[in-house]
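A short worksheet on the structure shown next.
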Amino acid sequence: MNSRVVALSGGVGGAKLVQGLSQLLDGAALTAIVNTGDDFEHLGLRISPDIDSVVYALAGLDDPERGWGRCGESWTFMAALKALGGPTWFALGDGDLALHVERTRRMAEGATLGEVTQQLARALGVRARVVPMSDDPVRTRVITDEGELGFQDYFVNRRCAPRIRSLRFEGADRARAHPEALEALSAPDLRLVIVCPSNPFVSIEPILAVPGMRAALESARAPVIAVTPIIGGRAVKGPAAKMLAELGLAVSARAVARHYSGLIDAFVLDRIDEQEPAADAPAGMRLVYADTLMRDRDDRRRLAAEVLSLAEPLATEAVSAHTHGARRPDPRR
Ligand code: FO1
């Protein structure tokens with residue numbers, strides 16, 4: 001059986017599912033391609049929030065309540081910075097700070113983001129591959145009713161309060177997809193591609209905006225499955241629901257499914273949304289129901305197992321119908 005699994009992930013929800021997958025898969029079998037549109041420079045440091053959320057989750061160091069940073073964190077640095085009148089809107093725990101300092105130092109010496117991510121993940125005992133979508137800078141910019149804002153300014157400093165009009169991914173058109181990401185997506189032994197329960201607009205869309213990434217997904221020799229970030233009309237965490245509404249879309253899991261139309265073979269919704277009629281499933285897409293809320297590590301593993309169990313039936317269906325649904329022609333023909 002094909003063995004490699006690729007997950008496209010943002011922070012929080014995506015990191016939890018990636019960690020669930022890592023409980024079931026051999027390290028070398030799992031590649032997480034992670035959004036870097038949230039990255040920014042702060043206090044002279046290179047911050048890569050989604051990469052760090054994935055690495056911390058895989059290392060068992062994540063704070064599941066907060067969803068970012070490390071568990072058991074101390075905040076001496078922030079208290080000292082505050083006393084000096086420095087900027088405190090973006091909170092860096094002491095342990096987390098060490099990682100940003102080390103990333104910044106190694107990158108100043110010439111290492112790429114991908115190389116540093118690999119080194120830091122290994123140092124923390126992570127066996128899965130964690131790959132930035134690109135080594136080149138891509139910055140998510142939020143166009144709001146109060147003007148254009150950098151992502152962290154919008155997300156953390158302004159607490160997502162301004163109304164979103166649109167988004168743009170600065171640098172994406174010039175960015176080169178990370179070679180390891182493309183290699184993983186074109187692997188002959190690819191079993192499954194999972195679009196994690198991350199924000200479709202600011203976590204997954206930046207990954208797809210990098211030239212070659214969408215095409216790599218479309219030609220992957222394996223089913224592509226997305227897991228809903230919306231349960232019962234609400235985002236588990238973060239501004240996905242507010243964004244759906246402000247972008248003029250319905251606040252529902254099905255609206256996210258429609259957003260991924262043409263890209264995925266199946267969409268996993270929460271059982272709570274099962275009562276809605278299946279008739280409005282986008283063409284060529286299977287809707288599957290599962291318990292998608294990940295409260296603890298057991299939930300993560302259970303959801304990961306359910307998603308993995310879909311790989312074979314979907315691949316068999318695709319072969320017998322000579323297509324991965326109506327999504328794209330089967331590259332094996
Ligand atoms: N999110 C917050 O809401 N407030 C913070 O102060 C904050 C600090 C922070 C520090 C390091 C890091 O890796 C992430 C941090 N985040 C914080 C989360 C982050 O900004 C967002 O959750 C992600 O960019 C969205 O995926």
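Only Cα pairs under 8 Å and 6+ residues apart enter the sum, and on that basis the relative contact order of region 55-95 stands at 34 percent. Between GLU41 and GLU218, the modelled label-to-label distance comes to 3.6 nm, taking each label 7 Å out from Cα in the direction of the beta carbon. Each helix, a run of at least 4 DSSP H residues, gives -39500 (n - 2.57); summed and divided by the residues of the chain, these come to -9500 deg cm²/dmol at 222 nm. The angle between the Cα long axis of helix 113-123 and the longest principal axis of the Cα atoms of the chain comes to about 90 degrees, rounded to the nearest 10. Just to check, using Stokes-Einstein with a Kirkwood Rh over alpha carbon pairs, what's the diffusion coefficient of the chain at 10 °C and 1.306 mPa s in µm²/s? It comes out at roughly 79 µm²/s.
Working note: Debye formula, equal point scatterers on the alpha-carbon atoms of region 162-247, no solvent; log10 I(q)/I(0) at q = 0.11, 0.19, 0.25 Å⁻¹ is -0.37, -0.94, -1.21.
Which net charge results for the neighbourhood of ARG66, defined as the other residues with beta-carbon distances under 13 angstrom from its beta-carbon, given Lys and Arg at +1 and Asp and Glu at -1? Residues close to ARG66 contribute a combined charge of -3. Using a Gaussian network for the chain with springs between C-alpha atoms less than 10 Å apart, which of these wobbles most: GLY238, GLY72, GLY14? Checking each option, the largest mean-square fluctuation is seen for GLY72. Straightening the chain between CYS71 and ASP153 buys 27.1 nm, computed as 0.36 nm per residue apart minus the Cα-Cα spacing. Between LEU217, LEU247, LEU81, the Gaussian network model of the chain with springs among Cα atoms under 10 angstrom shows the greatest mean-square fluctuation at LEU81. Working from Cα positions, state the angle (0 to 90°, nearest 10) between the long axis of helix 311-320 and the longest principal axis of the chain. The answer is roughly 40 degrees. Rounded to the nearest 0.05, what FRET efficiency is calculated for ALA79 and ALA283 with R0 set to 56 Å and r the Cβ-Cβ distance? Plugging the Cβ-Cβ distance into 1/(1 + (r/R0)^6) gives 0.50. Each part gets one Cα centre, and for region 1-65 versus region 110-187 those centres are 12 Å apart. Between helix 297-309 and the chain there is an angle of about 30 degrees, using the helix long axis and the longest principal axis of the Cα atoms.
From Cα pairs below 8 angstrom and at least 6 apart in sequence, can you work out the relative contact order of the chain, rounded to a whole percent? Relative CO of the chain lands at 19 percent.
Share of antiparallel DSSP beta bridges in the chain, in percent to the nearest 5? Bridges in the chain are about 45 percent antiparallel. Only beta bridges with both residues in region 149-292 are counted; by DSSP, about 15 percent of them are antiparallel. If only the Cβ of Lys and Arg carry +1 and only the Cβ of Asp and Glu carry -1, the dipole of the chain around its Cα centre is close to 220 debye.
In the elastic network of the chain, a GNM with C-alpha springs shorter than 10 Å, the most mobile of GLU205, GLU109, GLU180 is GLU109. Modelled spin labels at SER261 and ALA108, positioned 7 Å past Cα toward Cβ, are 5.0 nm from each other. Each Cα pair under 8 Å and six or more residues apart adds its sequence gap; the mean of these over the residue count of region 238-300 is a relative contact order of 28 percent. Remark: the ARG168-THR88 segment gains 26.1 nm on full extension, using 0.36 nm per residue and subtracting the alpha carbon distance. With point charges of +1 on the Cβ of Lys and Arg and -1 on the Cβ of Asp and Glu, referenced to the Cα centre of the chain, which listed residue (ALA240, SER309, ALA98) lies farthest in the positive direction of the dipole? Sorting the options by dipole projection puts first SER309.
Stretched out fully, how many nm does the piece from ILE143 to SER186 gain, at 0.36 nm a residue minus the Cα gap?
Details: separation 43, 0.36 × 43 = 15.48 nm, distance 3.44 nm.
Fully extending the segment from ILE143 to SER186 adds 12.0 nm.
Quick note: the coordinates plus some simple rules give every number you see, no bench work behind them. Since the structure is predicted, the reported quantities are computational estimates derived from the model, not experimental observations. So basically every Cβ, Gly included, is an ideal-geometry build from the backbone, and we count neighbours across all protein chains shown.
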